[in-house]
Amino acid sequence: AMAPVCVLSRAPALVARSSTFSAKGCFSRSTRALCAPFTSVRLLKSRAAYSLSGSTTRLLAASASSTATVTKEDVIIDHPSNNVTENIFGKLDMNLHQRPNHPLGIIKFAIENYFEKEFPGKFNKFDSLYPVVSTKANFDDVLIPSDHVSRSPNDTYYIDDETVLRCHTSAHQAELLRKGETHFLVTGDVYRRDSIDATHYPVFHQMEGVCLFSAEEAAAAGCTQAELAEKELKRVLEGLAKTLFGEVEMRWYDTYFPFTEPSFELEIFFKGEWLEVLGCGVMQQAILDDAGRNEYKAWAFGLGLERLAMVLFDIPDIRLFWTDDERFSKQFKAGDLATKFKSYSKFPPCNKDVSFWISDKFSENNLCEITRNVAGDLVEEVKLIDEFTNEKKGKTSHCYRIVYRSNERSLTDEEINALQEEVRSLVVSKLEVELR
Ligand code: DAH
C-alpha cells in the first residue's frame, strides 16, 4: 500500500544554497535533476511562418506529424556570441523522443497515454516545437531573473545575443498560452553546456505539462482556483508516477522555481532510494497575465525523460540513448515499461590525465565541450582529480582525468593518444591554459 503523501519542507538554507542559483544553472535544488533524464502535435517549422526575423518569436503551426529541420546556418553563425558546435548541431533533428521503440519515446508515449486516459481529448501534445528560441521565451517569459546563472554562455548555447537553443521545455509555456492553449504537454530536446559523466549529456529531453483552471471550475469544486490547481497537480502527478513506477512510496518537497509559486518536487522510493521525479507548481500569475490569460490559474510540471528512463529501464550510461547499436535498440519495445536493460559488453576504459595552470577563459564546461568535439561519445567522463593554488605565482593548477570508453568496441592506444593530443593542444589554443 502507498504511504501517505506529505509535504516536507527543507530547511531554508538548503533550499537557497542549491536551488535555482546553483552553480550549474538548473532551476531547482539538485543539479540536473530535471534536466537529467525525465521529459507532442508537433510544431513545425514552416519556413514561411518562421523566417528568421530578428529576435521575434518564431512560432510555428501545430500539426501531428512533421518535424522541424534545423539547418547548420540556423544555428552556427558568425556572431561573437555563437557557441554552438558541430557536435551539437549533429544532435538537432535526431528526435529520439519521437521514436516509438526508443526508451525515450516509450516513456513519452506512456505519459501522453496517461493524460489521454485521465483527461480524454483534453491535452494537446506537442513534440516538434522548434528548439531554437528567443532569450525572451527561454528566460524572460518564465520570469528567470536577468542575473540567473543559467543565462551565462558557459551554461547555455547561444546563436546570437537574443537567440538560444532552448535549455528547457518551459521555453514554450508563454507562446502556447498566448495561442490560447489551456491544456498541453510539450516534449522536446533541450540543450545545456555541462560537465561529462554517466548522467550528463549536453542534449537531453524534457516534458512539460500545463493545465489551466477557470473560476467556474473552482466554484464547482468548492475551492479557490489556486487551491484547485495545487490539489489537482498533486493528484495527477501522483497518478503519473504510479503509472510509470507502480505502487511506490512518494513524498512532496517544497522547493523553488522562478516560474511557480508554490513549487514542489515529487520524489518516489524506488529500488531502495529516494529519487526526484519531477518539478512542478502553481504557475506564477504574471506568466498567465502576460499571455492574456489573467482570468485563469494553472499548474505546470517539468520532467527529464533520460532520468526516468535510466531508472526505469536500468540504463547505466546516458550515451546509450544515442547509440545505433542494435544490441541496445533491439531490447526496447513500444508500450513496454517493464524492460530491464542487459549490458551487452563492457570494454575497458582508457584514462588520460591532463594538468595545467588555468586561465580566465578556462571553465570545466569549456574543457568538456572541447573534449566532446574531439572525441564525441568516446568520452565517458571528465573529472577533476587534483587542484591547488600556488600563492607565490598566483596561479591555480587543475588536473583532469579524461575517461575514454566506447560502448561498442575496444579502443586502441594509438587512437586515444591521438585524441588526447588534440585535446591538449586545443585547451592551450582555445582556453589559454598552460600545460604542466
Ligand atoms: N524547467 C525546469 C527545469 O528545467 C523544470 C520545471 C520545473 C518545469 C517546474 C515546470 C515546473 O513547468 O513547474 O529545471
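The values are calculated or read from the model by the stated rules, or taken from the named source; none is laboratory data. Owing to the predicted nature of the structure, the values given are computational and were not obtained by experimental measurement. Cβ coordinates were reconstructed from backbone atoms using ideal geometry, including for glycine residues, and neighbour counts include every protein chain displayed.
Quick notes on this structure:
- Evaluation of GLU217 against the conditions (1) in contact with a strand residue (DSSP E or B) (Cβ under 9 Å, 6 or more places away or on another chain); (2) part of a helix (DSSP H, G or I) shows that the sole unmet condition is (1).
- So ALA309, is it away from the ligand (no atom under 13 Å from the Cβ) and either surrounded by 24 or more Cβ atoms within 10 Å (Cβ to Cβ) or in a strand (DSSP E or B) (or both): yes
- Residue pairs meeting the criteria (Cβ under 7 Å; at least 6 apart or on separate chains; first under 21 Å from CYS280 (Cα atoms), in the stretch 214-226; second at pLDDT 95 or above and part of a loop (DSSP other than H, G, I, E, B)): SER214/GLU295; SER214/TYR296; ALA218/THR224
- Of all residues in the stretch 81-92, those satisfying the criterion of being in contact with a strand residue (DSSP E or B) (Cβ under 9 Å, 6 or more places away or on another chain) and in a loop (DSSP other than H, G, I, E, B) are SER81, ASN82, ASN83, VAL84, LYS91, LEU92.
- Subset of the stretch 258-292 [surrounded by 21 or more Cβ atoms within 10 Å (Cβ to Cβ) and either touching a Pro at 6+ places or on another chain (Cβ under 8 Å) or not assigned by the TED database to the domain that holds PHE245 (or both)]: GLY281, VAL282
- When the residues of the stretch 151-184 are filtered to those that are buried (at least 23 other Cβ atoms within 10 Å of the Cβ) and hydroxyl-bearing (Ser, Thr, Tyr), the one that is farthest from the ligand (Cβ to nearest atom) is THR163.
- ALA300 being in a strand (DSSP E or B) and modelled with pLDDT of 95 or more: yes
- Flag if GLU295 is of a type in the set (Asp, Glu), away from the ligand (no atom under 12 Å from the Cβ), out of contact with any strand residue (DSSP E or B) (no Cβ under 6 Å at 6 or more places or on another chain) and in the same structural domain as CYS211 (by the TED database): yes
- Checked against (1) away from the ligand (no atom under 16 Å from the Cβ); (2) under 19 Å from the mean Cα position of the chain (by Cα); (3) closer than 20 Å to LYS108 by Cβ, ALA300 meets all criteria but (1).
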